[in-house]
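Each remark here refers to the structure printed beneath this line.
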Amino acid sequence: QVQLVESGGGLVQPGGSLRLSCAASGNSLYFMGWYRQAPGKQRELVARISRGGVTNYADSVKGRFTISRDNAKNMVYLQMNSLKPEDTAVYYCNTQAQFAPTNYWGKGTLVTVSS
């Protein structure tokens, strides 16, 4: 069992930055990533990173968000720059196995981008 705890959400003005952190208790799985869910919308992948550091991003955040991972600390981070109102959502940390359906979710942290 892996428990994930997110932190770093909050209210930020358009164009601002936030850094999300996620701590995993127990060993994280092969992939760690961030998903988000805006009101009335489905949960979507924002970014994920493999244990070896290979990353992929949603097109909507490429060039603005950066995901990173500290395997020794079982942490994953999401640096979010040039935030837009459409980035407003609950952001969820996730870890999942490479070749199995096993995955775990955090409870989420709210990011609100508004002036």
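For (1) under 18 Å from Q98 (Cα atoms); (2) touching a strand residue (DSSP E or B) at 6+ places or on another chain (Cβ under 7 Å), each residue gets a yes or a no:
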{"site": "V2", "(1), (2)": "yes, yes"}
{"site": "V5", "(1), (2)": "no, yes"}
{"site": "G16", "(1), (2)": "no, no"}
{"site": "S21", "(1), (2)": "no, yes"}
{"site": "A38", "(1), (2)": "no, yes"}
{"site": "E44", "(1), (2)": "no, yes"}
{"site": "A58", "(1), (2)": "no, yes"}
{"site": "A72", "(1), (2)": "no, no"}
{"site": "V76", "(1), (2)": "yes, yes"}
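For the range 86-115: of the residues being open to solvent by less than 20 Å² (accessible area, probe 1.4 Å) and not polar (S, T, N, Q), which is farthest from the chain's Cα centre (by Cα)?
V113
Test of understanding: among S68, S60, which residue is in contact with a helix residue (DSSP H, G or I) (Cβ under 8 Å, 6 or more places away or on another chain), modelled with pLDDT of 95 or more and open to solvent by 20 Å² or more (accessible area, probe 1.4 Å)? Explain how you work it out, then say what you get.
Working: S68 fails: in contact with a helix residue (DSSP H, G or I) (Cβ under 8 Å, 6 or more places away or on another chain).
The match here is S60.
Pick from the range 9-44 the residues that are under 18 Å from L110 (Cβ atoms) and hydrophobic (A, V, I, L, M, F, W, C): which of them is nearest to the chain's Cα centre (by Cα)?
Of everything passing the filter in the range 9-44, W34 is nearest to the chain's Cα centre (by Cα).
The values are calculated or read from the model by the stated rules, or taken from the named source; none is laboratory data. Worth saying up front: this structure is predicted, and the values here are computed from it rather than measured. Reconstructed Cβ throughout: ideal geometry from the backbone, glycine too, with neighbour counts over all protein chains shown. With ligands, DNA and RNA removed, areas are computed over all heavy atoms of the protein, side chains included. Shrake-Rupley method; radii C 1.70, N 1.55, O 1.52, S 1.80 Å.
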